[in-house]
Amino acid sequence: MEYHSDPITARKAALRARARSVLGQAGPKQTAAWGRAMAEYLTKRELWQQAGAVFCFVSTAREPSTRPLLELALAQGKTLCVPRTGPEGFMEAVPITSLNQLTPARFGLLEPAPDLPALDPGRLDLVIAPCLMAAPDGRRLGQGGGYYDRFLPRCRCPAVLLCPAALVQNDLPAESHDRRADLVLTEQGFLLEG
């Protein structure tokens, strides 16, 4: 068992372990169902409909599937940007025109090739971000790498967290560097109106 002297760090570690256990028990049918339901709620909103440049994470097998959102963004002619990670927690938004442009990268993620140019995050109209857990007020518990905590302040647009309802936690611990999202979306709908 890991030992953490800082109570917030210890609490986050315990919550991450619990979230990973819940997500680990969700099979492909469950994650696909979450993704379809979340896409249904999001794409009916003006927030999505008015967005020209959309940043959306590429889900892993243990996250709500973002494939419906990725495919719809491309089909609707939006500028679809996906994350590309770099050293020391740096992440950039890279426009793609096909999901075939994604290849395996670090941490088992699918990312665009290193030679594709990135877009200034300030030009994004909407960010769709992952989390392990979320609070209704937009607090986010991620994997612990700080990628989104560094990325979100560079954006001037709303950020939506995709979080299964079972992983919504009202009293989620947060530190000064933790960035909140504007909206939290579960398979049952939005929790936070922004």
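Structure summary
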item: Share, in percent, of DSSP beta bridges within the chain that are antiparallel, nearest 5; result: 50 percent
item: Rounded tilt (10° steps) of 7-25 against the dominant C-alpha axis of the chain; result: 60 degrees
item: Gain upon complete extension [Glu40, Leu110; 0.36 nm per residue less C-alpha separation]; result: 22.9 nm
item: Acute angle (nearest 10 degrees) that the helix 28-43 long axis makes with the longest principal axis of the chain, alpha-carbon atoms; result: 60 degrees
item: Backbone N within region 76-116 under 16 Å of label point (7 Å from Ala61 Cα along the Cβ vector); result: 104-105, 107-110
item: Probe 1.4 Å, accessible area per residue of the chain, Å²; result: 50 Å²
item: Share of carbon and sulfur in the accessible heavy-atom surface of region 21-126 [1.4 Å probe, %]; result: 52 percent
item: The chain: radius of gyration and largest Cα-Cα distance (Dmax), Å; result: 15.8, 49
item: Cα-based shape type of region 1-100, given that a ≥ b ≥ c are square roots of the gyration tensor eigenvalues and the cut on a/c is 1.5; result: prolate
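The values are calculated or read from the model by the stated rules, or taken from the named source; none is laboratory data. Keep in mind that what you see is a predicted model, and the values were worked out from it rather than measured. Don't worry about glycine lacking a Cβ; one is built from the backbone with ideal geometry, like all the others, and counts go over all protein chains shown. Surface areas here come from the heavy atoms of the whole protein model, side chains and all, with no ligands, DNA or RNA. Shrake-Rupley method; radii C 1.70, N 1.55, O 1.52, S 1.80 Å.
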